[in-house]
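Quick notes on the structure that follows.
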Amino acid sequence: MSLIGRIFVILFAFLAACFVAGMIVVGAVLYPEISDLGGGPIDQGAVNVLLGFGFIFLSGFALLPALVVVLITEAFYIRSVLAYAIVGAACYLGLIPFDTETLQFDGIIRRHLEIMTGAGIVAGLVYWMIAGRTAGAWREPRPPLRPPPPLPSQSVR
């Protein structure tokens, strides 16, 4: 695979991962009562707008950490699904302020911390499914072409 093709795959995988993470965050934070089966219908138009905003915010904030991770995984051929899940969680946890003196996350509810961690793990898995399984593939040489099969013995040369 060429480098330019690989860049498009990485970009598509990043956008897909951000969209899935945005769906998780918006759904979990804004609609915690979804699990209540007695709730009324949810306005689909409002959900679509919220998903769009969730995608935009998460993709903007996660871009730099994810770019660093992509460069490292591509350079070192890291293709482990566990690595992408852990790094995805770390990228989204990086969006939460952390106090190094008290070693605690500041100004956040524990549920939100869990939501961001889960969204990061799922985003890492989505990225792995699209682009991470073949990390570094653009650097591998193409396999040599096989010679054509021999001609039948009755053929005229």
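Label sites at THR100 and LEU113, each approximated as a point 7 angstrom past Cα along Cα to Cβ, lie 1.9 nm apart.
When the Gaussian network model of the chain links Cα atoms closer than 10 Å, the mean-square fluctuations of GLU140, GLU101, GLU74 top out at GLU101. When the Cα positions of LEU58, TRP128, GLN154 are compared along the charge dipole of the chain, GLN154 comes out farthest toward the positive end, with charges on each C-beta of Lys, Arg, Asp and Glu. If R0 is 22 Å, the Cβ-Cβ spacing of TRP138 and LEU64 corresponds to a FRET efficiency of close to 0.50. With a simple spin-label model that places each label point 7 Å from the Cα along the Cα-to-Cβ direction, the separation between ILE86 and ILE7 comes to 3.1 nm. For the peptides 6-15, 119-128, 143-152, 84-93, residues were scored by their other Cβ atoms within 10 Å and the scores averaged per peptide; the highest-first order is 119-128, 84-93, 6-15, 143-152.
Computed over the Cα atoms of the chain, the ratio of the radius of gyration to the Kirkwood radius (Rg/Rh) comes to 1.22.
Accessible surface computed residue by residue for the stretch 85-129, with neighbouring protein chains in place and a 1.4 Å probe, gives 58 Å² per residue.
The values are calculated or read from the model by the stated rules, or taken from the named source; none is laboratory data. What you see is a predicted model; the values in this text were computed from it and never measured. When we count neighbours, we look across all protein chains shown, and the Cβ atoms used for this are built from the backbone with ideal geometry, even at glycine. All accessible areas refer to the heavy atoms of the entire protein, side chains included, with ligands and DNA or RNA removed. Shrake-Rupley method; radii C 1.70, N 1.55, O 1.52, S 1.80 Å.
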